[in-house]
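Have a look at the structure below before the remarks.
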Amino acid sequence: MSIFPSGFDNGVIFVPSGNLPLGKPSPTVIDVRQRHLVPEMDKYLFRNSPPNVITFLGHLKKVAALLILKLTPRVPSVCKSTGHQGLNPGRHFTGSTLKMPVLDFHLHVGTRHHWTQSVMSFFAEQNPEYTRDFAEEITPQGVEAYLAREGVDKAVVLSEYAPKTTGVVTNEFSSEFCRGADRLIPFGSICLYDGPDPAEQTEHCVKVLGCRGLKLIPTYAHFFPDDPRLLPAYEVAAGLEIPVMFHTGSSIFKGSRVRYGNPLLLDEVAEGFPRMKIVICHAGRPFWYTEAEWMLRRHENTYIDVSGIPPKQFPSVFPHLEKFRDRFVFGSDWPGIPSIGAQVGRIQELPYSEETIEAILWSNGARLLGLGA
């Protein structure tokens with residue numbers, strides 16, 4: 001059974017089976033006309049439509065959104081909280097220009113000793129500065145100096161356990177790296193191939209190591225988000241009121257398994273643990289943007305991390321971003337991009353109100369982390 005995006009051309013999507021209990025997440029291919037599994041979509045384009053029409057209308061909606069953006073005059077907005085006026089459309093720049101705080105919710109820290117060769121080759125191509133300055137040795141002082149130059153006030157430093165795909169950055173390394181570094185916030189992860197049970201790892205990660213959240217990587221470590229081994233860890237995370245990030249969507253790294261990356265696989269997790277804040281990293285790029293945004297409508301405890309998505313695509317892939325502006329957080333995925341400041345600047349140029357941009361770049365992430373305004 002195919003799990004790749006060609007299925008969309010035939011009018012099918014992939015969802016976790018509604019008939020299976022939590023912990024038995026065998027993906028099921030369904031016809032998109034089976035509206036009982038995605039009821040919100042039925043109110044829009046998909047009511048009683050044949051598959052080929054659904055596919056056509058989905059593409060047509062994106063084209064229409066882009067045309068509206070092109071034809072509608074840009075009126076600079078004024079932010080109620082700061083009094084700043086929005087940017088002049090069409091201005092060319094290379095970095096952040098509006099004076100507002102920036103929180104990067106998705107930063108990787110490590111050297112060639114942490115990452116696989118596949119990852120290091122990607123970094124060398126995308127970010128030669130990282131390869132030159134940090135690949136052999138990386139220090140908190142060096143990263144903080146880089147963030148200061150890029151206009152980033154706070155950054156979440158991620159751990160991961162995927163030795164066959166991307167590499168290993170232990171919770172202990174991230175915790176120690178961030179210790180005493182004002183700009184850096186450590187996030188842990190869960191190792192499913194070694195160590196204590198996931199619930200114990202989670203509690204140790206937060207209470208002993210001082211991590212402020214978790215990042216899980218199903219496509220790299222090859223597990224479904226509702227794996228029974230993880231459910232007790234989610235209980236702990238909910239009780240500790242920490243956010244849990246999930247990598248979703250595709251990956252170019254060798255060993256990745258995309259079938260674990262559909263955001264709809266988080267549906268039962270979000271339903272079963274309503275007190276746990278879930279961050280959908282990459283919004284299921286590039287196959288499942290609609291599913292990721294639908295999760296925001298379905299579950300109030302879900303958020304989207306926009307890392308890895310070109311800002312110019314936001315209006316087309318997130319047609320309801322303004323409506324859900326309190327549920328999007330900025331992430332760079334550095335060192336996967338050469339300049340965080342340039343990415344921030346591109347977001348500031350988007351045709352959104354300044355309140356929306358400020359929410360994405362700072363206040364939504366700050367609220368998830370319990371930071372001050």
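Rule-based calculations on the coordinates, nothing more; no lab input. Bear in mind the structure is a predicted one, so any value in this text is a computation, not a measurement. Neighbour counts run over all protein chains shown; Cβ positions are idealised from the backbone, glycine included.
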Original post:
Which links in LYS277/LYS312; LYS154/LYS277; LYS154/LYS312; LYS99/LYS215; LYS99/LYS154 stretch past 22 Å when you go from one Cα to the other?
Top reply: LYS277/LYS312; LYS154/LYS312; LYS99/LYS215
Original post:
Ranked by Cβ crowding within 10 angstrom, fewest neighbours first, how are CYS191, CYS281 ordered?
Top reply: CYS191, CYS281
Original post:
Using alpha-carbon positions, what is the distance between the centroids of segment 250-271 and segment 195-234, in Å?
Top reply: 16
Subject >> trypsin sites (Lys or Arg not before Pro) within segment 273-373, DSSP loop, no more than 15 other Cβ atoms inside 10 Å >> reply: ARG275, LYS323
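Loop only per DSSP, at most 11 neighbouring Cβ atoms within 10 Å: give me the GluC sites (Glu not before Pro) in segment 107-214, ordered by residue number.
GLU136, GLU137
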Original post:
In terms of modelled amide H atoms, which long-range or inter-chain residues lie less than 5 Å from the amide H of THR302?
Top reply: ILE278
Original post:
Once the other residues with Cβ under 14 Å from the Cβ of HIS247 are scored (Lys, Arg +1; Asp, Glu -1), what is the net sum?
Top reply: +1
